[in-house]
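Here the structure comes first, spelled out in structure tokens, and everything after it is commentary.
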Amino acid sequence: MFGVPALSSNPWLVGAAGFLGGIGGPMWTIAAHSLLGRKVPSPLLGRVSAAYNFLGNGIAASGPLLGGLLAQTLGLQTAFALSAACTLLMLIPFFLFITEKTMTFDIP
């Protein structure tokens, strides 16, 4: 999603990338909450979900501020390139920790 604006200024390509990238957010939310429901013991589920949402929304609020600062100082395409690199780096812990074993083991 962020790689396209770093490489192209074509509004159709950028719009298509934004649309396709925007589909990933709701899919991640569903998968993450489903994993929480499966792994967290029932008495703690409300607290864990609240902490997850609080931290996720709090960090998400800082994204536009940091993105604007990067775009202002380094340029718009560089800010998108850094965002794309960080997005790709987030895949490393995902593939390390979200394995078949972690998805099938249930806490009673």
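Computed from the coordinates by the stated procedures, all read-outs in this text should not be read as laboratory data. The structure displayed is predicted, hence computed values, not measured ones. All Cβ positions, glycine included, derive from the backbone under ideal geometry; neighbour counts span all protein chains shown.
So which residues in the stretch 7-47 are touching a residue at least 24 places away in the same chain (Cβ under 8 Å) and within 21 Å of Ala60 (Cα to Cα), if there are any at all?
The answer is Leu35, and nothing else.
How many of the residues in the stretch 48-82 are surrounded by 10 or more Cβ atoms within 10 Å (Cβ to Cβ), of a type in the set (S, T, N, Q) and without any contact (Cβ under 8 Å) to a residue 60 or more places away in the chain?
Residues in the stretch 48-82 being surrounded by 10 or more Cβ atoms within 10 Å (Cβ to Cβ), of a type in the set (S, T, N, Q) and without any contact (Cβ under 8 Å) to a residue 60 or more places away in the chain: 3 in total.
Identify the single condition in (1) of a type outside the set (Asp, Glu); (2) assigned to a helix (DSSP H, G or I); (3) over 13 Å from the mean Cα position of the chain (by Cα) that Ser9 does not satisfy, given that it satisfies every other one.
(2)
Could you grab me the full set of residues in the stretch 12-44 that are among the aliphatic types (A, V, I, L, M), within 30 Å of Gly75 (Cα to Cα) and within 20 Å of the chain's Cα centre (by Cα)?
As a first pass, look at the stretch 12-44 and keep what is among the aliphatic types (A, V, I, L, M): 13-14, 16-17, 20, 23, 27, 30-32, 35-36, 40, 44.
When the remaining residues are screened for being within 30 Å of Gly75 (Cα to Cα), the result is 13-14, 16-17, 20, 23.
Val14, Ala16, Ala17, Leu20, Ile23 - these are the residues of the stretch 12-44 that are among the aliphatic types (A, V, I, L, M), within 30 Å of Gly75 (Cα to Cα) and within 20 Å of the chain's Cα centre (by Cα).
Just the residues that are among the small types (Gly, Ala, Ser) and more than 19 Å from Phe94 (Cα to Cα), please, taken from the stretch 35-48.
Pass one, the stretch 35-48, residues among the small types (Gly, Ala, Ser): 37, 42, 46.
Scanning the stretch 35-48 gives Ser42, Gly46.
Report whether or not Gly46 is under 18 Å from Gly3 (Cβ atoms), assigned to a helix (DSSP H, G or I) and out of contact with any Lys or Arg (no Cβ under 9 Å at 6 or more places or on another chain). Outline the logic, then answer.
Numbers: under 18 Å from Gly3 (Cβ atoms): no; assigned to a helix (DSSP H, G or I): yes; out of contact with any Lys or Arg (no Cβ under 9 Å at 6 or more places or on another chain): yes.
Taking the combined requirement at face value, the residue does not satisfy it.
Please go through the stretch 32-47 and pick out each residue that is surrounded by 11 or more Cβ atoms within 10 Å (Cβ to Cβ) and over 18 Å from Ile98 (Cα atoms).
Across the stretch 32-47, the qualifying residues are Leu44, Leu45.
Could you tell me whether Leu88 is aliphatic (A, V, I, L, M), part of a helix (DSSP H, G or I), exposed (fewer than 13 other Cβ atoms within 10 Å of the Cβ) and more than 16 Å from the chain's Cα centre (by Cα)? Let's see the steps before the verdict.
Numbers: aliphatic (A, V, I, L, M): yes; part of a helix (DSSP H, G or I): yes; exposed (fewer than 13 other Cβ atoms within 10 Å of the Cβ): yes; more than 16 Å from the chain's Cα centre (by Cα): no.
Criteria not met by Leu88.
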